[in-house]
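The values are calculated or read from the model by the stated rules, or taken from the named source; none is laboratory data. Quick caveat: nothing in here was measured; it's all calculated off a predicted structure. Here the Cβ is made from the backbone with ideal geometry for all residues, glycine too, and neighbour counts use every protein chain on show.
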Amino acid sequence: MVVAKWGVVATCAEPRRLVEAFIAHHLSIGASEVVLFFDDPADGLAVTFSQVPGVTCINCDAAYWTKRRPRKGRPSGHRQRQSHNAEYAVRNLCETEWIAHIDVDEFLLPRSAGSIAEMLGRVPETLDAVRVLPAERMFSGECSHGKMDLTGLFKLKPERGAGWGAKLYGAELGELFPNGFQGHEVGKSFKRRSNRDARFNIHFVRKDGQNIPEHKVDQSEAVLLHLFPVSLEDWIGKYERRVDDPEYFNTMPEHAQRRYSIYREARDNGATGGVPGLFETLSVLPVDSPARASRPDLFLKTDLAIPSKVERLVRPYLSNAKFEHMSAPSPSPIPDSQRVFQIGMNRGGSKEISAMFGRRGMSYAHWDRGRIARNLQSALAEGRKPFLGYENYQLLSDISYGSNGSDIYDGFYDFEYIAQYYRDSVFLLNHRPVDEWLSSRKKFRAGKYIAEHMAAVGIVSEEGMLSKWAEDWYLHAERVRASAARGDIRLLEYSLNTEKPHSFFARLDKMLED
């Protein structure tokens with residue numbers, strides 16, 4: 001049996017947890033190399049994941065594009081950047097026989113083929129391109145904000161003329177999505193590295209404007225699991241990127257423009273139940289769905305076992321670089337209108353947020369051994385402006401301290417007092433799924449943290465403390481959002497698992513400009 005070596009190349013600007021899942025999955029199914037181009041080099045992930053064996057990371061910063069395209073620089077369209085990076089990887093970085101050009105939300109899955117290597121080994125030597133068709137994910141239950149879900153159900157591409165979209169979504173939406181797919185339907189391609197004449201585009205391998213002869217993989221052999229979407233936020237981002245970017249929208253075929261315009265209508269006019277209703281219709285498949293019952297052969301349920309793959313193939317190689325709790329202060333005091341106060345719960349990504357600010361050259365003060373919180377506590381007791389002495393830091397995060405069980409203070413609960421003196425500042429509510437957050441707090445400092453809080457509030461069981469924390473989490477988020485709704489604070493939210501750093505900072509920059 002012929003077994004071919006293969007690898008994957010992708011351009012990405014995704015949340016860390018999706019990138020590490022992509023790496024771990026493809027290494028686990030036999031990829032010899034994973035080449036990642038980071039479209040947002042300031043997110044810091046290239047340095048992080050370059051430590052993993054078999055992974056090559058390229059920062060697509062200004063120097064990269066100046067060297068690659070001295071006259072034109074960075075292409076404005078993301079698809080042009082993707083194709084350029086893929087071809088550069090094939091010609092200069094990759095060593096395997098076959099390379100797949102895919103996205104970070106796409107996971108190759110061998111089925112009857114046995115393995116991707118065996119599948120490619122059976123391709124005739126006369127063919128230099130292999131295309132794998134997509135299977136698009138649907139949620140089988142509720143998808144809440146902030147949750148990244150890599151498990152679930154995937155619908156396969158039906159035969160033409162099946163009227164599958166109408167069975168899934170009803171007649172009206174079925175016309176726009178005849179095959180039931182929101183994302184692409186044609187799949188993604190492998191290219192034989194020895195072919196120097198043909199080039200990657202987004203979906204195909206082409207020469208002189210034409211697709212070269214290819215082997216199209218039957219869905220029973222292997223599929224490309226397309227996580228469209230990974231999360232509710234991801235789904236919203238995918239649609240908004242298409243409808244709000246004129247360059248992107250205007251280059252789409254007319255039928256695709258009609259398809260994505262329904263999101264704009266839902267968002268702006270409340271059509272189809274608004275954004276939540278449209279998401280529910282297009283991305284959530286009830287267990288008792290008639291479509292699922294009538295064509296079970298068009299659904300694939302698989303458990304990719306991502307957590308165990310990440311723990312085995314990625315995490316052991318990531319060095320725990322020392323986190324600096326204080327950046328260098330800014331040369332001059334930061335105007336209040338440019339200040340950012342992190343008021344989400346601790347163990348909710350405050351270090352990650354601070355590190356992101358630092359990589360973008362923005363000053364931050366994180367925890368400062370509890371001094372930030374003590375500063376606020378003293379100011380509140382004395383009825384004066386808090387955070388004197390921190391004027392040269394743009395971000396203040398982890399406003400809390402705790403020790404010995406009796407001296408604990410979570411200053412983020414007093415955000416309304418902060419707002420009395422910093423009404424023009426941005427208040428950042430960071431969060432992660434509650435069950436994950438509770439687990440992190442429970443394990444923090446080898447269990448000492450939860451023990452201290454139990455002693456401080458007089459709760460005798462861990463279960464009782466976790467229950468109180470969960471209640472506090474919801475009440476705090478409710479208070480913060482109600483305050484924002486009244487116009488008392490300028491609120492920006494950050495989801496630890498699902499936020500794309502570049503989109504977060506785009507929203508922050510806009511708020512700081514207003």
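Values for this structure:
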read-out	value
The lone exception for His431 - which of (1) at pLDDT below 95; (2) over 34 Å from the mean Cα position of the chain (by Cα) it fails	(2)
The lone exception for Arg74 - which of (1) more than 23 Å from Ala222 (Cβ to Cβ); (2) modelled with pLDDT under 95; (3) assigned to a loop (DSSP other than H, G, I, E, B); (4) touching a Lys or Arg at 6+ places or on another chain (Cβ under 9 Å) it fails	(2)
Test result for Ile372, in a loop (DSSP other than H, G, I, E, B), at pLDDT 95 or above, surrounded by 14 or more Cβ atoms within 10 Å (Cβ to Cβ) and not polar (S, T, N, Q)	no
Residues being part of a loop (DSSP other than H, G, I, E, B), among the aromatic types (Phe, Trp, Tyr) and within 23 Å of Glu87 (Cβ to Cβ) - total across segment 204-250	1
Those residues of segment 21-57 which are of a type in the set (Asp, Glu) and surrounded by 23 or more Cβ atoms within 10 Å (Cβ to Cβ), in sequence order	Asp43
Residues satisfying the stated conditions in segment 306-316, i.e. touching a residue at least 40 places away in the same chain (Cβ under 8 Å) and within 22 Å of Leu224 (Cβ to Cβ)	Ile306, Lys309, Val310, Leu313, Val314
Unmet criterion (only one of (1) assigned to a strand (DSSP E or B); (2) touching a helix residue (DSSP H, G or I) at 6+ places or on another chain (Cβ under 7 Å); (3) farther than 20 Å from Val230 by Cβ) for Phe37	(3)
Where Asp208 falls short, out of the listed (1) acidic (Asp, Glu); (2) touching a residue at least 12 places away in the same chain (Cβ under 8 Å); (3) surrounded by fewer than 17 Cβ atoms within 10 Å (Cβ to Cβ)	(2)
Residue ranges of strands (runs of 3 or more DSSP E) in segment 117-192 with at least 2 members surrounded by 15 or more Cβ atoms within 10 Å (Cβ to Cβ) and among the basic types (Lys, Arg)	188-192
